[in-house]
1. Please pick out the residue among D94, D123, D166 that is open to solvent by 50 Å² or more (accessible area, probe 1.4 Å), closer than 26 Å to R49 by Cα and assigned to a helix (DSSP H, G or I).
2. Could you please find all residues in the range 355-383 being hydrophobic (A, V, I, L, M, F, W, C), assigned to a loop (DSSP other than H, G, I, E, B) and under 22 Å from R117 (Cβ atoms)?
3. Can you run down the residue pairs with Cβ atoms below 7 Å, 6 or more apart or on separate chains, where the first is in the range 59-76 and part of a loop (DSSP other than H, G, I, E, B) and open to solvent by less than 10 Å² (accessible area, probe 1.4 Å) and the partner is modelled with pLDDT of 95 or more and aromatic (F, W, Y)?
4. E427: farther than 30 Å from G249 by Cα, open to solvent by 30 Å² or more (accessible area, probe 1.4 Å) and at pLDDT 90 or above, yes or no?
5. Any residue at all in the range 151-164 that is among the aliphatic types (A, V, I, L, M) and over 26 Å from the mean Cα position of the chain (by Cα)?
6. Could you tell me whether the range 386-397 includes any residue that is buried (at least 22 other Cβ atoms within 10 Å of the Cβ) and more than 15 Å from the chain's Cα centre (by Cα)?
7. How many residues are crowded, with 18+ Cβ neighbours inside 10 Å and of a type in the set (K, R) if we restrict to the range 211-243?
8. Looking at the range 244-350, what helices (runs of 4 or more DSSP H) fall wholly within it and have at least 3 residues that are surrounded by fewer than 14 Cβ atoms within 10 Å (Cβ to Cβ)?
Amino acid sequence: MGARRPPHFHVAIAGSGFGGLGMAIRLKQEGHEDFVIFERAQEVGGVWRDNSYPGCACDVQSHLYSFSFAPNPNWSRAYSPQAEIHAYLRDCADRFHLRPHLRFGHTVLDARWDEARQLWRIDTSEGPFTADVFISATGALSDPAILKLPGLETFQGKVMHSARWDHGYSLAGRKVAVIGTGASAIQFVPRIQPEVGKLLIVQRTAPWILSRGDHPIRQGAKWLYRNVPGAQLLTRWLIFLFRELMVLGFLYPWILQHVQRLALRHLERSVPDPRLRARLTPNYTLGCKRVLISDDYLVSLTRPNVELVTEAIREVRAHSLVLSDGTEHEVDALLFGTGFQVHDMPIAHVIRGRNGLTLKEAWGETMKAHVGTTVSGFPNLFLLMGPNTGLGHSSVLMMVEGQFEHVLGALRYLEGRELAAVEPTPEAQAEFVRQLDARMQGTVWTQGGCASWYLDATGRNSTLWSGSISSFRRRVDHFEPSEYVAITRQDRPLPVSHGQQRRLAHG
């Protein structure tokens, strides 16, 4: 057999984080060199470039939070710090020779499907481009969310979000208020607590926190990973299997009662004061909101210069915060650990499909995509880390690697049939979403008794996958033509597999 002929399609990728770089690597491995990566910043890295706050690190073990096709035997710790992850992504860009394909400083301003020419017209801040295939890899954790607090615009001190940390601003000796107690805050609070004068923690909902158990990786283990084939792969799979078992607790919440007891023991060991401990005890089922891991956050709240408040913020004044009970706290800086605009994908408002609607308009208040990757009415558009591809128990990189294979399967199908484009049928997309939503019922995310960022404005969980990674990979790895409209280069739909009826490409 001869070598597989590389696809002739020109591919445009938006974003150079894990999704964009991983997709580019897999394209090159398939022999496809005709692609470009648009990046609005001046370096690769995505969320791991932008989040450089003190203590920033991954919540998934290093060996699992990396590409299966680009192992790194030199991780320094069980849980990688941000600087190492960013260095890993830069190394991937260099190792796989992606830099000639990168276009830094190129913000995607508009992307629309040209029905007549059957291609994507993409306007960027540095000029227009066209592409046969458009892949959005902008991720779900790109644009920070800052609460719209009354009077915030009048505050005369420093305001910054954890994802836009100003390292030139010294917190030493200052009165600092931290708004939000999520995954970012529990990492930077222990780091800044020793240096600030006064630290006010504004907690809306107490998070469930488990012990992290981080530790350095010994030199002997690194040598093993470098020199013994399969050693690191075995470690990776053992971590994967352990985390796959964890999903059972999210699907069957009664199992999590045992994990809650571990979290409560961790809280009791960390916080001796019963009154403070009571305010740090969640009143919902573990897993309903993101489960956090830390060995030092709870301890830091017991220090003399830290005050935890649970009242809502009534207003912000020039130099202070006023809480709902009327108490006023003088502050020099406001630090937001309030997460990201998860339900508003960064470029969903500029991507337009066949009918002229943007993705945001097509979705309305809830995001929906076929196998989390493609959307009806948007030919040759692929979303990496799209709707319902997030996880509460393991590494999202194993999810996105499945999406890589789906995209490559689509490109092979287009090439093999000499087609112009594919898009999911409305029926296939609706059935996928229906089954997903049905599986979501009874899980901790819908029955856990909390309000979380997993749920959108309609109350639907449009962010997480409703099962294991293995079940997603079985569903997404294979591109199934019968679930797609096949659009010919003459603008005539072809029959799809299994003897289906022809479907018109233009409604």
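1. Working: D123 fails: assigned to a helix (DSSP H, G or I); D166 fails: assigned to a helix (DSSP H, G or I).
Criteria check complete, one pass: D94.
2. First, the residues of the range 355-383 that are hydrophobic (A, V, I, L, M, F, W, C): 357, 359, 362-363, 367, 369, 371, 375, 378, 381-383.
Still in the running and assigned to a loop (DSSP other than H, G, I, E, B): 357, 367, 369, 371, 375, 378.
Matches in the range 355-383: L357, V375, F378.
3. Matching pairs, first to second residue: S62/W75; S62/Y79; L64/F240; S66/Y88.
4. Details: farther than 30 Å from G249 by Cα: yes; open to solvent by 30 Å² or more (accessible area, probe 1.4 Å): yes; at pLDDT 90 or above: yes.
Here the answer is yes, as E427 does meet what is asked.
5. Yes, because at least one residue in the range 151-164 is among the aliphatic types (A, V, I, L, M) and over 26 Å from the mean Cα position of the chain (by Cα).
6. no
7. Of the residues in that region, 3 qualify.
8. Working: elements: 256-270, 274-279, 297-300.
Those helices (runs of 4 or more DSSP H) span 256-270, 274-279.
The values are calculated or read from the model by the stated rules, or taken from the named source; none is laboratory data. This is a predicted model, so every value here is computed, not measured. In this analysis, Cβ positions are derived from the backbone assuming ideal geometry, glycine residues included, and neighbour counts consider all displayed protein chains. Accessible surface areas use protein heavy atoms only, side chains included; no ligands, DNA or RNA. Shrake-Rupley method; radii C 1.70, N 1.55, O 1.52, S 1.80 Å.
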